Amino acid sequence: MDWSTWLRMPTTVLLVLAALFALATLVQLVMARQRLHGGQRLAAGARVVLCLVFFAIALVLAGMGAALRGYRLLAEESPVVEIDARILSPQRWALTLSWPDGSTRQVQLAGDDWRVEAVVLKWKLPALLAGLPPLYRLDRLSGRYDDPGQEATAPRTVISFGQADGFDLLDLARRHRAWLPEVDTVFGSGAYLPLVDEGHYTIHLMRTGALVARPDDTTEARIASPL
């Protein structure tokens, strides 16, 4: 059992307990009605008190479960793309991009680092608390030089992920905000890491809208100790 499963358990337990106390509330309500029709007013009053207590407990448990669920969702990450790098010559690289749906793309890049940029759409608070995730669209992949002088003069590589046609919700939200009143903001997010031969990198999108890039252990060791 991984950590994500453990993190889901408290929320699930709280919501299940809330449902059980809600069911107990209904049972006490039915029993109170039966006692009242039978002329047992004192017993009916006791059932009503239990009904109110169980209902209050159900509300508290449900509120705690919802609060934990909201916090956990804000910390979740969605996989965006994986990058495998192979060196062709100094500052020249062949990259394989792999998406979660299984599609891949081969590109070549110039520079010392790769950089991925995305356009992110975030929702306003009501939609966010309801669990609606931010939307994103990968915008471009580019090479980056460590030397600012070389960055200004050396050949640049910029690879677009945009599509020439088709409906683009993010562009619609940016240009016609009144059409989508629940949109909070549309902004750019980017991440980059140094390129190493046989390097493997994963890029995730956090629910805050930030792109996070991570090398695997072998790649991280090569970045820390370049040859």
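The values are calculated or read from the model by the stated rules, or taken from the named source; none is laboratory data. In this text the structure is predicted, and so the values were computed from the model without any measurement.
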TODO: Take segment 138-175 and flag every residue that is closer than 30 Å to Lys124 by Cα and modelled with pLDDT of 80 or more.
DONE: Leu138, Asp139, Arg140, Leu141, Ser160, Phe161
Task: Checking Glu82 against (1) in a helix (DSSP H, G or I); (2) under 33 Å from the mean Cα position of the chain (by Cα); (3) at pLDDT 85 or above, the condition it does not meet - done: (1)
TODO: Please verify whether segment 89-109 includes one or more residues that are of a type outside the set (A, V, I, L, M, F, W, C), modelled with pLDDT under 85 and not in a helix (DSSP H, G or I).
DONE: no
Task: Flag for Leu132 being at pLDDT below 90 and part of a helix (DSSP H, G or I) - done: no
